Amino acid sequence: MSFTPVLLPEILQAIAAVIESNAEEVTALDQAIGDGDHVFNLQRGLNALLPLAETLAQMEWSAAWQKIGMTMMSTVGGASGSLYGTLFLAMSKAATSQPATLAGFAEIFNASVEAVKHRGKAELGEKTMLDVFIPVAQCLRQTAEDGTALAKALEQVNQVALAGMESTRDMLATKGRGSFLDERSRGHIDAGAKTGQLMISAIIAVLLKHL
Ligand code: ADP
Ligand code: MG
């Protein structure tokens with residue numbers, strides 16, 4: 001994509017704020033079926049990214065996503081660190097061959113979600129962040145195909161992310177730490193699905209403000 005990520009500083013601030021204001025709830029979710037460190041992991045990554053925000057804003061998308069991916073890979077830790085690292089490095093790679101349109105972004109995000117599925121050997125319905133990312137990727141592609149106006153497309157993506165997050169509540173965890181609990185993993189929303197949805201909603205709110 002050829003234009004610069006000028007909104008990244010505002011987006012990173014919005015993400016940090018939404019993770020902070022939901023920290024207790026998400027930590028409780030990760031304590032219920034994981035080890036309770038998910039918020040700390042993400043905040044370690046965000047604290048490394050925030051000082052880079054102005055530099056990232058000057059870069060091309062592909063370079064910015066590469067820097068974000070490498071920073072997350074080396075700071076976040078846990079399962080989510082390598083998965084977010086994979087997501088952004090794959091976005092960086094795909095960005096070099098896609099235009100700066102909704103359709104182009106849809107292809108970039110779809111390719112990246114495929115990379116995360118491959119990295120974590122997980123699919124839809126396994127009670128992970130992918131239960132948010134996979135439907136979001138499909139929705140992006142659908143709205144691009146339908147020629148949906150950007151504001152409406154973003155609102156649809158927001159709804160799909162919320163539904164995906166909610167869908168993890170009754171799922172059986174078959175990947176990640178939740179899988180150790182087997183049937184007892186049911187009844188709790190997955191922490192990574194929750195933060196994925198919160199971050200997507202925060203990004204969409206910033207984008208809608210600037211449309
Ligand atoms: P850890 O589980 O190593 O403590 P985190 O707590 O930071 O790492 O992240 C846990 C989240 O990572 C889970 O809630 C889930 O959404 C996601 N996750 C774990 N394993 C996988 C996987 N194989 N594929 C996709 N997402 C996964
Ligand atoms: Mg954890």
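Could you tell me which of rounded, prolate or oblate describes region 96-150, using a ≥ b ≥ c as the square roots of the eigenvalues of the alpha-carbon gyration tensor, with rounded for a/c under 1.5 and, failing that, prolate when a/b is larger than b/c and oblate otherwise?
Numbers: a/c = 3.68, a/b = 1.66, b/c = 2.22.
Because a/c hits 1.5 or more and a/b fails to exceed b/c, region 96-150 counts as oblate.
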(request) Tally up the carbon and sulfur contribution to the accessible surface of the chain as a whole percent, 1.4 Å probe, everything protein left in place. (result) 57
(request) For the chain, find the longest principal axis of its Cα atoms and tell me its angle to the long axis of helix 130-146, 0 to 90°, nearest 10. (result) 30
(message) For a quick check, take a GNM of the chain with Cα springs below 10 Å and name the residue from Lys67, Lys194, Lys152 with the largest mean-square fluctuation.
(response) Lys152
(request) Return, for the Cα atoms of region 131-198, the radius of gyration and Dmax in Å, separated by a comma. (result) 14.0, 43
(request) Identify, among Leu172, Trp61, Ile134, the residue whose Cα sits farthest towards the positive end of the charge dipole of region 5-209, taking +1 on the Cβ of Lys and Arg and -1 on the Cβ of Asp and Glu, with the dipole about the Cα centre. (result) Trp61
(request) Specify the residue with the greatest mean-square fluctuation among Ala149, Ala17, Ala32, computed from a Gaussian network of the chain linking alpha-carbon atoms under 10 Å apart. (result) Ala149
(message) Can you give me the long-range amide H partners of Arg169? Hydrogens built in the peptide plane at 1.01 Å from N, cutoff under 5 Å, separation of 5 or more residues or another chain.
(response) Asp190
(message) Run the helix sum for the chain: -39,500 (n - 2.57) per DSSP H stretch of 4+ residues, divided by residue count, reported at 222 nm to the nearest 500 deg cm²/dmol.
(response) -23000 deg cm²/dmol
(message) Give me the extension gain from Gln43 to Glu60: residue separation times 0.36 nm, minus the current Cα-Cα distance, reported in nm with one decimal.
(response) 3.7 nm
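Would you mind getting me the FRET efficiency between Gln138 and Thr101? Use the beta-carbon distance for r and R0 = 22 Å, nearest 0.05.
Details: r = 18 Å, r/R0 = 0.80.
According to the calculation, E is roughly 0.80.
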(message) Ranking request for peptides 110-123, 36-49: highest mean number of other beta-carbon atoms within 10 Å first, then the rest in descending order.
(response) 36-49, 110-123
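Would you work out if region 74-184 is rounded, prolate or oblate? Take a ≥ b ≥ c from the square roots of the eigenvalues of the alpha-carbon gyration tensor; rounded if a/c is under 1.5, else prolate when a/b is larger than b/c, oblate otherwise. The partial results should precede the final answer.
Working: a/c = 2.69, a/b = 1.42, b/c = 1.90.
Oblate, because a/c is 1.5 or more while a/b does not exceed b/c.
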(request) Quote the charge dipole size of the chain about the Cα centre in Debye, to the nearest 20; the model charges only the Cβ of Lys and Arg (+1) and of Asp and Glu (-1). (result) 340
(request) Rounded to the nearest Å, what's the spacing between the alpha carbon centres of region 161-199 and region 41-60? Just the number, please. (result) 27
(message) So, taking all protein chains as they sit and a 1.4 Å probe, how much accessible area belongs to Asp182, in Å² rounded to tens?
(response) 90
(request) For Glu20 paired with Leu181, estimate the spin-label separation in nm (one decimal), with each label point 7 Å from Cα along the Cα-to-Cβ line. (result) 2.9
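Could you tell me which of rounded, prolate or oblate describes the chain, using a ≥ b ≥ c as the square roots of the eigenvalues of the alpha-carbon gyration tensor, with rounded for a/c under 1.5 and, failing that, prolate when a/b is larger than b/c and oblate otherwise?
On the way: a/c = 1.64, a/b = 1.35, b/c = 1.22.
Since a/c reaches 1.5 and a/b is larger than b/c, the shape of the chain is classed as prolate.
At 1.4 Å probe size, with every protein chain present, just tell me what the per residue accessible area of the chain comes to in Å². Could you put the intermediate results ahead of the total?
Numbers: 9790 Å² over 211 residues.
Solvent-accessible surface per residue comes out at 46 Å².
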(request) Can you pull the one-decimal nm distance between simple spin-label points at His210 and Val6, each 7 Å off the Cα toward Cβ? (result) 0.8
(request) Give me the accessible area of Glu20, 1.4 Å probe, in Å² rounded to the nearest 10. (result) 120
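The values are calculated or read from the model by the stated rules, or taken from the named source; none is laboratory data. Because the structure is predicted, anything quoted here is derived from the model rather than measured. Please note: Cβ atoms are built from the backbone with ideal geometry, for glycine as well, and neighbour counts cover all protein chains shown. When the accessible area is computed, the model is the full protein with side chains, heavy atoms only, and any ligands, DNA or RNA have been set aside. Shrake-Rupley method; radii C 1.70, N 1.55, O 1.52, S 1.80 Å.
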